[in-house]
Structure formats: C-alpha cells, structure tokens
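Structure record follows, encoded as structure tokens.
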Amino acid sequence: TVQVYCCATVLPDQVRAVTWRDSFLVPKKTELCLEINVRNISGLDDQNNETEMTDFKASVVAFEVQKNFANKFFSNKTVAKSLIDDTSGNLLDNLYKLLYVFTKNKKDSEKTTRNIIKIAIKIGMLQRGDKFSREEKANLVKIQKNLRTVAMTLISFYQVDHTYDRNFVIKYLTELETLLKNLISNHLTDKSVGRVEQIFGVVKTPEFLDSVYVPKKNSEMREIMGTVVSDLNCCLEAGIL
C-alpha cells in the first residue's frame, strides 16, 4: 500500500513552499518515508533559464562540425586551423542568447545557431580546399560584401535612434539567403540548403527584427543586442566580416 500526503502553504513573501511525504508500508510494519521540500520555485525556473541561455558554446560545436566535415571530404591538414576564432565564437554565443530569449526554447535556438555554424564551417572548408569554381569564388565575394553590409546596417540601426528600416534589412537578408543557396547547391546536400532556409526563416521575420529594434517591444532582447553589436564591430575591425 502506498500513502501519499501533500500539503501546500503560501509564505508572507509569496514564496511557495510545498512538502511531499510519501509513506511506503511494507511487511513487518517497516515504514520508509521520503520528504522533498521545494522552495522558491520561480527562482529555480529563472536559474534554469539562465543556465540554458549560457551553456551553449559555439567554439565546441564548431570544432565538432569542422572535424566531421573534414574527415569526410578533406585531408587532416585542411582541418588543422579552426575556422571559428574567439571573436566569431563570442558573436555566435550571444546570437544564441538572442535567439533563446526570442523563442523561449533551448532546442530551437540551438538548432538555428548550429545551422549557422555548420553552413559557415562548410563554406570555409570548401574555400580552403579550393573547391569553388571561378564563378563561385566571385559569388562568394558578393556574399562577403552583402554580409558586411548587413552587419553595418544592424549596428547603425541599433546605435542611431529612429533609423530602423525593417524592409531594408529583410531585402538584404533575402538576397544573402539566395546567394548562399546558389553557392552551396552544387557542393552540399539538400539538407544543407534546408539549413540555410531554416536560419533565414527565423532571423528575417518581422517579429524577430521588431523585437530587437522597436523600442520597448522586448527589453531583454534589446539588451543582448547591445552585446551582439559590440561583437559585430569586433568582427568588422578584425576583417572577419
């Protein structure tokens, strides 16, 4: 026989305290009791959310992706130098945090950030392995210029009030998506093309962009975007973007 007792009280400071007491009756009148006290449940939830938002490390994911891709298609010499440096890693880590606050979902935000890393690594590896044709190299230059324009635009819209133009950002992001898909379609699988579509299916949506740039729409995202902007500036100065 199992007897379960539960009592719940509300403390003066509105912190909920719950005590569970499970009594298991076994032969010879032996009783085993298990008590679990849970306090400040909302505080625990906040701690869990903070842990989920900070436990993602882009550098670790990048190393795994680069190693796996290189083992399939390249020699060990090609993978010797990491394609994701500390500056890029910081940007990706903070982008993950931005996505996590937006989606409220660890799995979805990790998926988008991992897809960004996978596409960036694979393009970098293809370039390092001299797999692109002359025309594809020209398209890669277009992608780099477009990416730089997007980065500078995102910085400007954040730093200068009343300059945010959603349609302008979406236009350049859409062009970037098309250029990326055209570049990788002859070298990678349809699954990789789908990853590109998944990425832009999040970052170029009006809801995501407005949450970052419309004043008071999402103060937490706005705060994290300040760090992302700082990372973007570092990447631009270092010539990464």
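The values are calculated or read from the model by the stated rules, or taken from the named source; none is laboratory data. As the structure is a computational prediction, the values presented were derived from the model and not from experiment. Cβ placement follows ideal geometry from the backbone for every residue including glycine, while neighbour counts extend to all protein chains displayed. Just the protein is used for accessible areas: all its heavy atoms, side chains included, with ligands, DNA and RNA removed. Shrake-Rupley method; radii C 1.70, N 1.55, O 1.52, S 1.80 Å.
Structure above, values below:
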{"quantity": "Residue identified as buried (at least 19 other Cβ atoms within 10 Å of the Cβ), among the β-branched types (Val, Ile, Thr) and part of a helix (DSSP H, G or I) among Ile199, Ile155", "calculated": "Ile199"}
{"quantity": "Qualifying residue in the stretch 185-199 (condition: among the acidic types (Asp, Glu) and farther than 21 Å from Leu92 by Cα)", "calculated": "yes"}
{"quantity": "Subset tally (residues that are surrounded by fewer than 14 Cβ atoms within 10 Å (Cβ to Cβ) and farther than 13 Å from Leu209 by Cα) for the stretch 164-177", "calculated": "1"}
{"quantity": "Hey, Asn182 assigned to a loop (DSSP other than H, G, I, E, B), polar (S, T, N, Q) and open to solvent by 50 Å² or more (accessible area, probe 1.4 Å) or not", "calculated": "no"}
{"quantity": "Test set (1) open to solvent by 20 Å² or more (accessible area, probe 1.4 Å); (2) of a type in the set (A, V, I, L, M, F, W, C); (3) assigned to a helix (DSSP H, G or I); (4) in contact (Cβ under 8 Å) with a residue 12 or more places away in the chain - Leu188 fails condition number", "calculated": "(3)"}
{"quantity": "Unmet criterion (only one of (1) out of contact with any helix residue (DSSP H, G or I) (no Cβ under 7 Å at 6 or more places or on another chain); (2) buried (at least 19 other Cβ atoms within 10 Å of the Cβ)) for Ile117", "calculated": "(1)"}
{"quantity": "Residue in the stretch 57-71 that is outside any helix (DSSP H, G or I) and either modelled with pLDDT under 90 or surrounded by 20 or more Cβ atoms within 10 Å (Cβ to Cβ) (or both) present", "calculated": "yes"}
{"quantity": "Matching residues in the stretch 202-222 - criterion: being more than 16 Å from the chain's Cα centre (by Cα) and surrounded by fewer than 18 Cβ atoms within 10 Å (Cβ to Cβ)", "calculated": "Pro206, Glu207, Asp210, Val214, Pro215, Lys216, Lys217, Ser219"}
{"quantity": "Thr153 being under 20 Å from Lys191 (Cβ atoms) and either over 17 Å from the mean Cα position of the chain (by Cα) or modelled with pLDDT of 95 or more (or both)", "calculated": "no"}
{"quantity": "Subset of the stretch 128-148 [among the charged types (D, E, K, R), open to solvent by less than 70 Å² (accessible area, probe 1.4 Å) and either under 25 Å from the mean Cα position of the chain (by Cα) or modelled with pLDDT under 95 (or both)]", "calculated": "none"}
{"quantity": "Single condition Val228 does not satisfy, out of (1) open to solvent by 60 Å² or more (accessible area, probe 1.4 Å); (2) assigned to a helix (DSSP H, G or I)", "calculated": "(1)"}
